[in-house]
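Engineer: Dropping a structure here in structure tokens format, bear with me for questions.
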């Protein structure tokens, strides 16, 4: 008799890490165009922290009832990414078969912190890098997907100057590596303790934010990628070259509302929205990982039973790269 239940990390209310507990829930059934994945690993990301704790950027209060839920979480099972093995496929699926090892981005649908998850075959799903473990492979997804979503807005000519504010997190480490791969000269902004770490990922220069304010040193960049939330256009406008871009991975409601006006007034690209990312984009990350040109970055790995500890560590705001949750 087929097992119709699975374990998942579930939160029935908003709050601290302790609201998350492992429970048995219904196992998803793939629709005609979906792939059912037996999850081996996921990550606990900043997005999971924000959704669980209702800790959103300034001015985003209106988003809470619309997307997160009013009295209880709309998405009780978090986890935006997965690495695992295809368990079953829907009748219309042609690109994957049971037994395939894959990585996938679930995005705002969440559901990765569970033993099984479904994803459409047309979404961001790709074969797992053959040279990486599941725990290593899943680190490509959240950070790499998000980095691509923003870097795909710009054409980086060889030698283009790119600054990454918040270069040591999951997204920042991905941006550093992908921008460097595209031929950019990369300046990383992070703590002094992470300087050698981001240099090892390809950063050409590191600015310790506790020592130097990159917006006041007179230097300019073709692209600034904002991964922290403390560098709005009003602060960095003079640090962006004419025709350059500010890619707001994290921003406030005010930053969103002003983006169009700032773009029109300055002639510089200012955007908070990510460009579409496809399965083929994810395949490009897989190829880079298999060739050694993209490095998985793991800070800590936790077993499924330690999911509260994983959330607690992410809540500190001090993680380097990815915090991996081993599901299997």
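Engineer: Scan the range 272-315 for residues that are crowded, with 17+ Cβ neighbours inside 10 Å, over 17 Å from the mean Cα position of the chain (by Cα) and not in a helix (DSSP H, G or I) and report the count.
Structural biologist: Count: 1.
Engineer: Now a separate question. Here is a list: 236, 225, 283. Which entry is touching a helix residue (DSSP H, G or I) at 6+ places or on another chain (Cβ under 9 Å) and under 29 Å from residue 123 (Cα atoms)?
Structural biologist: Numbers: 236 fails: under 29 Å from residue 123 (Cα atoms); 283 fails: touching a helix residue (DSSP H, G or I) at 6+ places or on another chain (Cβ under 9 Å).
It is 225.
Engineer: If I go through the range 221-250 residue by residue, how many of them are modelled with pLDDT under 95 and closer than 17 Å to residue 153 by Cα?
Structural biologist: Number satisfying all stated conditions: 1.
Engineer: From the list 85, 97, which residue is assigned by TED's automatic domain parsing to the domain that holds residue 13, surrounded by fewer than 20 Cβ atoms within 10 Å (Cβ to Cβ) and either at pLDDT below 85 or within 28 Å of residue 49 (Cβ to Cβ) (or both)? Please lay out each step first, then the result.
Structural biologist: Values: 97 fails: either at pLDDT below 85 or within 28 Å of residue 49 (Cβ to Cβ) (or both).
Answer to the check: 85.
Engineer: Sticking with this one: Exactly one of these conditions fails for residue 247: (1) surrounded by 15 or more Cβ atoms within 10 Å (Cβ to Cβ); (2) part of a loop (DSSP other than H, G, I, E, B). Give me its number.
Structural biologist: Only one criterion in (1) surrounded by 15 or more Cβ atoms within 10 Å (Cβ to Cβ); (2) part of a loop (DSSP other than H, G, I, E, B) is unmet by residue 247, namely (2).
Engineer: Another question, if that's okay. Can you pull out the residues in the range 194-212 that are touching a helix residue (DSSP H, G or I) at 6+ places or on another chain (Cβ under 9 Å) and farther than 19 Å from residue 170 by Cβ?
Structural biologist: 204, 205, 207, 208, 210, 211
Engineer: Which numbered condition trips up residue 191, out of (1) touching a residue at least 12 places away in the same chain (Cβ under 8 Å); (2) touching a helix residue (DSSP H, G or I) at 6+ places or on another chain (Cβ under 9 Å); (3) not assigned by TED's automatic domain parsing to the domain that holds residue 321?
Structural biologist: Status for residue 191: all satisfied but (2).
Engineer: Right, next: Looking at the range 262-279, which of its residues are over 17 Å from residue 238 (Cβ atoms) and out of contact with any strand residue (DSSP E or B) (no Cβ under 8 Å at 6 or more places or on another chain)? Give the steps one after another, and end with the answer.
Structural biologist: The initial filter retains those residues of the range 262-279 that are over 17 Å from residue 238 (Cβ atoms), namely 264, 271-279.
Passing the criteria: 264, 273, 274, 275, 276, 278.
Engineer: Also: Answer yes if at least one residue in the range 140-148 is under 28 Å from residue 3 (Cβ atoms), surrounded by 24 or more Cβ atoms within 10 Å (Cβ to Cβ) and in contact with a strand residue (DSSP E or B) (Cβ under 9 Å, 6 or more places away or on another chain), and no otherwise.
Structural biologist: Step one: of the range 140-148, the residues under 28 Å from residue 3 (Cβ atoms) are 141.
Then keep just the ones that are surrounded by 24 or more Cβ atoms within 10 Å (Cβ to Cβ); that gives 141.
Add one more test, that the residue is in contact with a strand residue (DSSP E or B) (Cβ under 9 Å, 6 or more places away or on another chain), and what stays is 141.
Among the residues of the range 140-148, at least one is under 28 Å from residue 3 (Cβ atoms), surrounded by 24 or more Cβ atoms within 10 Å (Cβ to Cβ) and in contact with a strand residue (DSSP E or B) (Cβ under 9 Å, 6 or more places away or on another chain), which makes the answer yes.
The values are calculated or read from the model by the stated rules, or taken from the named source; none is laboratory data. For clarity, every value in this text was computed on a predicted model and none was experimentally measured. So basically every Cβ, Gly included, is an ideal-geometry build from the backbone, and we count neighbours across all protein chains shown.
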